[in-house]
Amino acid sequence: MSENQMNGAEALIQSLEKIGIEIMFGLPGGSAIPLFDALYKVRKKMKFVLVRHEQGAAHEADGYARATGKPAAVLVTSGPGATNTVTGIMTAHMDSVPMIVITGQSVRGMLGKDAFQEADVFNLTMPIVKHSYLLKSANDIPRVVKEAVHIATTGRPGPVLIDVPKDVGTEACTVGLEAEMNLPGYKPEKRGYAPETLRQIADALAKSQRPVIIAGHGAALSHAEDELLALAEKLQIPVASTLLGKGVFPDSHPLSLEGLGMHGTAYANRALVECDLMLSVGARLDDRILGVPSQFCRNAVKIHIDIDAAEFGKLIKPDIRCRGDAKTALQDLLPLVKRGDTAEWRKRLDGYKKKWPLAYSKKGGLHPPQIIDALNGLTGGKAIMATDVGQHQMWAWQFYKCDKPWQFITSGGAGTMGFGLPAAIGAQFGRPGETVICIAGDGGFQMTMSELATAGIHKLPIKIIIMNNHYLGMVRQWQDMFYDERYSGVDLEGNPDFVELAKAYGFLGMNLKRAADIQKVLKKALAHPGPVIVNVEVVKHEEVFPMVPPGKPLEDTVMEHPRRKPGRPAGRKNNPAKSGKQSA
Ligand SMILES: Cc1ncc(C[n+]2csc(CCOP(=O)(O)OP(=O)(O)O)c2C)c(N)n1
Ligand SMILES: [Mg+2]
C-alpha cells in the first residue's frame with residue numbers, strides 16, 4: 001500500500017463523514033484498533049465520544065437520533081464489545097430508530113475458528129437489525145456505508161450493522177469514496193397505496209359519527225404533525241397517542257385524549273371502546289395499547305396507515321390498509337375529506353375527561369407524579385424528557401405534557417431498563433442548547449450509571465431525576481396486584497447514596513425528601529449550568545393508574561387501587577386484584 005493510499009478503516013471513517021454522520025459513540029479493543037487508528041488519523045468533523053460501556057454507546061446513538069432525526073454511529077470491538085451493544089440494537093430496532101453500528105471482527109482467515117474475541121455478531125443480531133453487512137473487502141466500504149445509511153434512514157428506520165474484520169480495515173481501499181448503491185430489492189415507497197384507498201378512507205370518515213385517531217411513532221418519524229393537526233381539526237376527530245407518538249399531536253389540544261393503552265388515560269381507552277371508526281396513523285397497534293386484541297375496537301371500522309406492510313394484521317386486521325408514509329398519505333387524504341361534525345361525540349368524551357381525570361395523591365410522602373407535574377410547570381413542557389423504564393416512565397408519560405414530537409424519548413417496544421441516562425446523553429449531544437431531563441428509577445439507573453462519566457467529561461448539563469422508591473417498582477406493582485403481594489426479587493435494599501455518587505462524578509447532587517422543597521430543589525437543578533442528580537425519596541408503595549390489567553380489554557381500565565391508601569402497603573386481604581372493583 002503506498003503512503004497516500006487509504007486503508008479500509010480510513011475509507012470507513014471518511015465515508016461516514018462524507019455522508020454526514022456527525023457523531024460516533026464507542027469504545028475500542030483489539031479488533032477495532034485499526035478503526036480507532038483511522039479515527040485518530042483522518043477524522044475531521046465527526047465527534048467521537050468515548051463511552052464507559054458499549055450498551056451506553058448504542059443508547060446514546062439512539063437518544064441522539066430520537067432527538068434529532070439523524071442517525072449516529074456506534075463503534076465497538078469484536079466479541080464482548082459487540083455483544084454489549086445487542087440490547088441497544090434491539091431497543092432501536094423495536095422502536096424504528098436509525099443507527100449505524102460498526103463492530104470490529106477477527107481477521108477473515110480466523111472467522112469460524114473461535115478466535116480470541118470472535119463472536120458471530122452478524123448472526124447474533126440478525127433478527128434485530130434492519131440490515132447487516134459482514135465486510136469481505138475494503139473496496140466495498142464506500143458503497144456499504146452509503147447503503148447502510150440509506151437503509152437505516154429511509155422507509156421504516158432501523159439499525160444497520162457493519163461487521164469489519166480487522167484485516168479488511170488494514171488492507172488498501174483502491175476505489176475512492178464516490179460509490180453507487182446496489183440495492184435492487186430495496187425500494188421504500190412513500191405512496192404504496194392506490195388513490196382508491198384514500199377515497200375509501202375519506203368515505204369511511206364521512207360516514208363515521210364517533211371517530212378516533214391513534215397517532216403513533218410513524219407519524220412523528222415522517223414529520224406528519226401539521227397534517228395530523230389539520231385532519232383532526234377539519235373533521236373534529238379526537239386523537240389518542242401511543243407512548244412513542246407522544247407530542248406528535250399536542251397534549252394541550254382540546255381534541256387530545258393523550259395516551260392510550262395499559263397506562264393510558266381512561267378517556268382515551270373509553271373512546272376506543274365506544275368509537276365507530278379507528279384511524280391509526282403510524283402506530284403498530286401492539287399488545288400494550290390493545291388490551292385484548294380480539295376485542296379491540298370490535299364495533300369500529302379499522303383503518304391502518306403504515307409505511308411497513310408487515311404491520312397490517314399482525315394483531316389487528318384492518319378494514320382498510322394504507323401502505324405509505326404518514327405525512328404523504330395525510331397530505332393526499334386531506335383534500336378528499338369534508339368538514340365533520342362530531343359535537344355529540346366530543347361532548348361525551350369531554351364528560352369522560354371530567355369524570356376520570358389523570359390524578360395523583362399528595363398525601364403521605366412524595367409521589368412521582370407530583371414531581372413530574374412540578375417539572376412540567378417549571379419547564380412549560382418544553383424540556384426534552386428522556387425516561388428509563390418502569391413506573392416512573394408511565395408517570396412521566398401521563399403527567400409531562402408535550403406539544404411537540406422529538407421531545408419525549410423512551411424505550412417503548414423493548415422496555416429497556418438502563419436506557420434513560422445514555423439516551424439523555426445522546427439527546428443532549430444532539431440538541432446542546434436545550435434542557436434535557438432524565439427521569440429514572442433507582443433500578444434502571446443502576447444498570448447504565450457508568451455513563452455518568454461520559455456526561456461529566458463532556459460537561460453535558462443533563463438533569464437526572466431519580467424516583468427512588470427502593471423497589472423495582474413496576475414489577476412490585478404487578479406482584480402486588482396480580483400475585484397476592486408475593487414480593488419476589490424486587491426490594492432494592494442496598495442502593496448507593498446517589499448524592500454522593502453525583503459528587504464522585506463532579507455533578508451537583510441533591511436530595512429531595514419533603515413536598516415543601518419540591519420547587520426549590522427542582523428550580524436549583526434546572527438553573528444549574530452543569531449536570532445534576534436529584535435523588536427523590538418517593539413513597540415506596542404506589543401504583544400507576546389508570547391500568548388495563550393484563551389479559552383484560554380496554555373497557556376494564558382500573559382507575560385506582562380500590563382499597564389502598566396511597567403510600568401504604570395494601571395488606572394481603574385488601575388485594576385489589578381479588579376485589580374485582582373496576583371502573584371506566
Ligand atoms: C433490562 C430489563 N430488565 C428487566 C426489566 C423488567 N422490568 C420492567 S420495569 C422494572 C422495574 C424498574 O424499576 P425502577 O428502575 O426502580 O423503576 P420503578 O418502576 O421503580 O419506577 C423491571 C425490573 C426490564 N424492563 N428491562
Ligand atoms: Mg424503583
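The values are calculated or read from the model by the stated rules, or taken from the named source; none is laboratory data. In this text, all values refer to a predicted model and were calculated from it rather than measured experimentally. Quick reminder, even Gly has a Cβ in these numbers, built from the backbone with ideal geometry, and neighbours come from all protein chains shown. Ligands, DNA and RNA are stripped out before the accessible areas are found, and what is left, the full protein with its side chains, is counted by its heavy atoms. Shrake-Rupley method; radii C 1.70, N 1.55, O 1.52, S 1.80 Å.
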Going through the stretch 340-384 in order, the residues found to be within 16 Å of ligand 1 (Cβ to nearest atom), open to solvent by 30 Å² or more (accessible area, probe 1.4 Å) and in contact with a Pro (Cβ under 8 Å, 6 or more places away or on another chain) are Y360
Here the residues within the stretch 369-396 that are within 24 Å of T448 (Cα to Cα), outside any loop (DSSP other than H, G, I, E, B), more than 16 Å from ligand 2 (Cβ to nearest atom) and of a type outside the set (V, I, T) are L375, M385, A386
Counted residues in the stretch 239-280 being more than 16 Å from the chain's Cα centre (by Cα), open to solvent by 10 Å² or more (accessible area, probe 1.4 Å) and of a type in the set (S, T, N, Q) come to 1
Residue hits (the stretch 122-143; crowded, with 20+ Cβ neighbours inside 10 Å and farther than 19 Å from P98 by Cβ) are L135, A138, D140, I141, P142
Within the stretch 391-419, the residues that are over 12 Å from the mean Cα position of the chain (by Cα) and either at pLDDT below 95 or of a type in the set (F, W, Y) (or both) are W395, F399, Y400
Scanning the stretch 66-80 residue by residue, those under 30 Å from K166 (Cβ atoms) and aliphatic (A, V, I, L, M) turn out to be A72, A73, V74, L75, V76
Output for Cβ contacts, cut-off 9 Å, separation at least six or different chains, first residue in a helix (DSSP H, G or I) in the stretch 224-241, second of a type outside the set (D, E, K, R) and modelled with pLDDT under 95, reads K234/G340; L235/G340
Report yes if some residue within the stretch 428-438 is in contact (Cβ under 8 Å) with a residue 12 or more places away in the chain and more than 25 Å from G26 (Cβ to Cβ); otherwise report no.
yes
Selection over the stretch 204-223 where residues are open to solvent by 30 Å² or more (accessible area, probe 1.4 Å) and part of a loop (DSSP other than H, G, I, E, B) yields a count of 3
Going through the stretch 289-333 in order, the residues found to be in a loop (DSSP other than H, G, I, E, B), of a type in the set (A, V, I, L, M, F, W, C) and under 13 Å from G155 (Cα atoms) are I307
So for the stretch 407-419 (the condition being of a type in the set (A, V, I, L, M), free of Cβ contacts under 8 Å to residues at least 40 places away in the same chain and in a loop (DSSP other than H, G, I, E, B)), does at least one residue qualify?
yes
The number of residues in the stretch 312-327 that are surrounded by 16 or more Cβ atoms within 10 Å (Cβ to Cβ) and either at pLDDT below 95 or out of contact with any helix residue (DSSP H, G or I) (no Cβ under 9 Å at 6 or more places or on another chain) (or both) is 2
Filtering the stretch 423-443 for residues that are within 16 Å of ligand 1 (Cβ to nearest atom) and either more than 10 Å from T387 (Cα to Cα) or among the β-branched types (V, I, T) (or both) leaves a count of 4
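For every residue, the table says whether it meets (1) within 18 Å of V145 (Cα to Cα); (2) outside any loop (DSSP other than H, G, I, E, B); (3) open to solvent by less than 30 Å² (accessible area, probe 1.4 Å).
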| position | (1), (2), (3) |
| --- | --- |
| K44 | yes, no, no |
| S78 | no, no, yes |
| G88 | no, yes, yes |
| G109 | no, yes, no |
For this session: Kindly indicate whether K146 is open to solvent by 60 Å² or more (accessible area, probe 1.4 Å) and assigned to a helix (DSSP H, G or I).
Result: yes
Only one of G506, G489 is away from ligand 2 (no atom under 16 Å from the Cβ) and either out of contact with any Ser or Thr (no Cβ under 9 Å at 6 or more places or on another chain) or open to solvent by 70 Å² or more (accessible area, probe 1.4 Å) (or both), namely G506
Subset of the stretch 509-526, residues open to solvent by 80 Å² or more (accessible area, probe 1.4 Å) and among the hydrophobic types (A, V, I, L, M, F, W, C), comes to A516
The lone condition Q236 fails out of (1) open to solvent by 10 Å² or more (accessible area, probe 1.4 Å); (2) within 30 Å of P188 (Cα to Cα) is (2)
Of E60, E54, the only residue that is without any contact (Cβ under 8 Å) to a residue 40 or more places away in the chain and buried (at least 24 other Cβ atoms within 10 Å of the Cβ) is E54
Expected single match for within 12 Å of ligand 2 (Cβ to nearest atom), at negative phi and modelled with pLDDT of 95 or more among I464, I457, I439 is I439
In the stretch 71-84, residues that are within 16 Å of ligand 1 (Cβ to nearest atom) and under 10 Å from V121 (Cα atoms) total 1
Per the list (1) within 15 Å of ligand 1 (Cβ to nearest atom); (2) within 21 Å of the chain's Cα centre (by Cα); (3) over 21 Å from G509 (Cβ atoms), residue check on T387 breaks on (3)
Just one listed residue, out of I162, I151, is open to solvent by less than 50 Å² (accessible area, probe 1.4 Å) and closer than 20 Å to D37 by Cα, and it is I162
